[in-house]
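Take a look at the structure below.
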């Protein structure tokens, strides 16, 4: 360090050595300016428009974080005409470095208008990259730490599915073992406080806590990330798990001091939060806008925000006035304004947008409906997003209510219309079906003339099922509160013959004299379960196959037109009952069905049962304080259509291989059971010998006669006795 020498004073200021002071008070760019960003490509404006531009930019950066007052700096210079103009860039200082990093991630590349796309960089990066050495020096290699694969369960050799069970205070992740007791993959007491939920592709298991939610996954089930949102009650993922929406009935409260949470003053009072799942960043908060119920409590229709299949947009409806469509991940309103629609009630996104011939993604599409107002009829409208072009509209008359049902591939939209007669004394339903993939989107009307309790499309198919009733006890009350007399009908798309033949939906078969109130299609299509849920007297389950090969010869069922009769392929496979059943869910493979009776609904014989798709019960377990069973979802298959066809073609070869594995697994279970019995028998024999030896020594010590030990002239023969008992036997004549 330089020292002061009175005998060697510099002649001028330039000769003074300040190195010791500079070294002592040097300010590191990495530590001092991490909360500042540089924004390039902003419009060139003069002093009269400067404040307006700054206010506009404040709105863009508002959701990123809190900007410090008077730290929105826009450098200016005099141009050739002598006018003071901005230089096209500016500096923004945030409260924290994390907010600045988030601004770079979310706003960099944001399009202000057609001519200006913002480029956002950290101020320290500008300084750092300007001081890069000319000669390259390789950085030291960091030790690679392999992370657990979030989809490791898909590599199971037996192709088993997982399910999560929540009972009492314990959560278990289980492997489905068909007829055997499920195998525990992971269990943890007090893992959640309210319930558990899988993400749409099965990558994360979500648990709920007083301070927020946590995401778990991987082979060892470690905590991956947590989101702080006190009092969170409901969550919703975007289709590809990139974003998470959380809702709490408690408005956000931001403390004035010691605020270590993710929320800022602009989030005060909001109840809905949108997060980035991978980074954990808070993207934006929203008010709930929940309508008030007659008892004064707020009600929420969940999910509030509905995601487009591409995840590029999400939207919410303000009943009676507008649909607000937002862009992701910027979280800004599309075209900076909501879509004004007088009277709008509800909307639904088409599940798939598809791509054009060049492979470019098509616009997302949504459907909404508006009720009758004055002399204006009710209307269903299909709207493209982001262009907001109206693709199709359909007027409806004498309408009480509408429900929008998209087929899962977006090929069809069914609008279930509840109508009334002109005197409004009689109500009935019909179906308006939009064939979205066809030219001009034709609409077919399917008359029903009864009240429709349930509607469900066949996944990846052109068939659907409905449950109807004309029971006078039917009201708008919750299905299951009263057991109604119902009918179940299956429909298919009759394509006819020839190019000019009109296609129409026709009834395959109507099943009368039923009590079912819910429809559960297999995720693979073809099989369906009709069930009576949450009834106090009936708990019927009926398993149907719509492609069952009839026993009669094909010729016997072929009418004169040469077409096969679809009704001949509709077969009741089995009927069953689960006392007190409250919930039903297919596993993602379409091979098994889980029925359960939750303590959240009643306290009678809580537990679950596993059935195969044919309706044969494989496993049953009654569990005290059983709450929830949810199958783990699977992502979409990576196989091409040709590969799937090849597998179906060689299905017998694969099925024989799996049959061998099932027999081997069953044999292993039997061997393990026999080994367990031998171990118990050996432990009993060893214990008995020890007791007899102790007894003999005690008698000898007391002077009593010791009984002779029994002779083991012959080896004991172990006999496994299997007792089979017929519990129930039922004969049924299949017509």
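The values are calculated or read from the model by the stated rules, or taken from the named source; none is laboratory data. In this text the structure is predicted, and so the values were computed from the model without any measurement. Cβ: placed from backbone, ideal geometry, glycine included. Neighbour counts: every protein chain shown.
If residue 52 satisfies all but one of (1) at pLDDT 80 or above; (2) surrounded by 15 or more Cβ atoms within 10 Å (Cβ to Cβ); (3) under 22 Å from residue 116 (Cα atoms), what's the number of the condition it fails?
The number of the failed condition is (2).
Okay, residues lined up against (1) in a strand (DSSP E or B); (2) over 11 Å from residue 39 (Cα atoms); (3) without any contact (Cβ under 8 Å) to a residue 12 or more places away in the chain; (4) under 43 Å from the mean Cα position of the chain (by Cα):
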{"position": "68", "(1), (2), (3), (4)": "yes, yes, no, yes"}
{"position": "77", "(1), (2), (3), (4)": "yes, yes, yes, no"}
{"position": "80", "(1), (2), (3), (4)": "no, yes, yes, no"}
{"position": "101", "(1), (2), (3), (4)": "no, yes, no, yes"}
{"position": "109", "(1), (2), (3), (4)": "no, no, yes, yes"}
{"position": "114", "(1), (2), (3), (4)": "no, yes, yes, yes"}
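In the stretch 480-492, is there at least one residue being on the phi > 0 side of the Ramachandran plot and modelled with pLDDT under 95? Working first, answer last.
Step one: list which residues in the stretch 480-492 are on the phi > 0 side of the Ramachandran plot, which gives 480.
Now narrow it down to the ones that are modelled with pLDDT under 95: 480.
For the stretch 480-492, residues on the phi > 0 side of the Ramachandran plot and modelled with pLDDT under 95: present.
Provide a single number: the residues in the stretch 193-220 that are in a loop (DSSP other than H, G, I, E, B) and crowded, with 20+ Cβ neighbours inside 10 Å.
In the first step, residues of the stretch 193-220 are kept if they are in a loop (DSSP other than H, G, I, E, B); the result is 193-195, 199-204, 210-211, 218-220.
Next cut, crowded, with 20+ Cβ neighbours inside 10 Å only: 199, 202-204.
Looking only at that region, the number is 4.
Restricting to the stretch 261-284, name every residue that is more than 16 Å from residue 328 (Cα to Cα) and either in contact (Cβ under 8 Å) with a residue 24 or more places away in the chain or not in a loop (DSSP other than H, G, I, E, B) (or both). Explain how you work it out, then say what you get.
We begin by selecting, within the stretch 261-284, every residue more than 16 Å from residue 328 (Cα to Cα); these are 261-271.
Selection gives 261, 262, 264, 265, 266, 267, 271.
Rundown of residues vs (1) within 30 Å of the chain's Cα centre (by Cα); (2) crowded, with 19+ Cβ neighbours inside 10 Å, yes/no style:
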site: 418; (1), (2): yes, no
site: 437; (1), (2): yes, no
site: 447; (1), (2): no, no
site: 450; (1), (2): no, yes
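Can you work out which of the residues in the stretch 116-134 that are at pLDDT 85 or above and part of a loop (DSSP other than H, G, I, E, B) is nearest to residue 634 (Cα to Cα)?
Selected residue: 118.
Could you count how many residues in the stretch 141-172 are part of a loop (DSSP other than H, G, I, E, B), touching a residue at least 24 places away in the same chain (Cβ under 8 Å) and in contact with a helix residue (DSSP H, G or I) (Cβ under 9 Å, 6 or more places away or on another chain)? Before you say what the answer is, go through the steps one by one.
Going residue by residue through the stretch 141-172, those that are part of a loop (DSSP other than H, G, I, E, B) are 141-151, 156-161, 168-169.
From the residues that got through so far, the ones that are touching a residue at least 24 places away in the same chain (Cβ under 8 Å) too are 147-151, 158-159, 161, 168.
Retained after the next criterion (residues that are in contact with a helix residue (DSSP H, G or I) (Cβ under 9 Å, 6 or more places away or on another chain)): 149, 158-159, 161.
Number of matching residues: 4.
I'd like to know if the stretch 226-236 contains one or more residues that are within 26 Å of residue 106 (Cβ to Cβ), touching a helix residue (DSSP H, G or I) at 6+ places or on another chain (Cβ under 9 Å) and crowded, with 16+ Cβ neighbours inside 10 Å. Don't jump to the end; show me each part of the working.
Residues of the stretch 226-236 within 26 Å of residue 106 (Cβ to Cβ): 226-230, 232, 234-236.
Those still in the list that are touching a helix residue (DSSP H, G or I) at 6+ places or on another chain (Cβ under 9 Å) too: none.
The answer is no, given that none of the residues of the stretch 226-236 is within 26 Å of residue 106 (Cβ to Cβ), touching a helix residue (DSSP H, G or I) at 6+ places or on another chain (Cβ under 9 Å) and crowded, with 16+ Cβ neighbours inside 10 Å.
Per-residue answers, yes or no, for (1) modelled with pLDDT of 95 or more; (2) in contact with a strand residue (DSSP E or B) (Cβ under 9 Å, 6 or more places away or on another chain); (3) on the phi < 0 side of the Ramachandran plot; (4) part of a strand (DSSP E or B):
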{"site": "290", "(1), (2), (3), (4)": "no, yes, yes, no"}
{"site": "295", "(1), (2), (3), (4)": "no, no, yes, no"}
{"site": "302", "(1), (2), (3), (4)": "no, yes, yes, no"}
{"site": "310", "(1), (2), (3), (4)": "no, yes, yes, no"}
{"site": "316", "(1), (2), (3), (4)": "yes, yes, yes, yes"}
{"site": "326", "(1), (2), (3), (4)": "yes, yes, yes, yes"}
{"site": "330", "(1), (2), (3), (4)": "no, yes, yes, no"}
{"site": "343", "(1), (2), (3), (4)": "no, yes, no, no"}
{"site": "348", "(1), (2), (3), (4)": "yes, yes, yes, yes"}
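Quick one: residue 410 ticks every box in (1) more than 25 Å from residue 525 (Cα to Cα); (2) buried (at least 16 other Cβ atoms within 10 Å of the Cβ) except a single one, so which number is it?
(1)
Within the stretch 564-587, how many residues are surrounded by 17 or more Cβ atoms within 10 Å (Cβ to Cβ) and assigned to a loop (DSSP other than H, G, I, E, B)?
Here the count works out to 6.
What number of residues in the stretch 162-179 are closer than 17 Å to residue 610 by Cβ and more than 20 Å from the chain's Cα centre (by Cα)?
If we filter the stretch 162-179 for residues that are closer than 17 Å to residue 610 by Cβ, which is where we start, we get 162-167, 172-179.
In the following step, the residues that additionally are more than 20 Å from the chain's Cα centre (by Cα) were identified as 167, 175-179.
The number of residues fulfilling the criteria is 6.
Which of the numbered conditions does residue 637 fail, given that it passes all the others? Conditions: (1) within 21 Å of residue 526 (Cβ to Cβ); (2) touching a residue at least 12 places away in the same chain (Cβ under 8 Å); (3) within 27 Å of the chain's Cα centre (by Cα); (4) outside any strand (DSSP E or B).
Only one criterion in (1) within 21 Å of residue 526 (Cβ to Cβ); (2) touching a residue at least 12 places away in the same chain (Cβ under 8 Å); (3) within 27 Å of the chain's Cα centre (by Cα); (4) outside any strand (DSSP E or B) is unmet by residue 637, namely (2).
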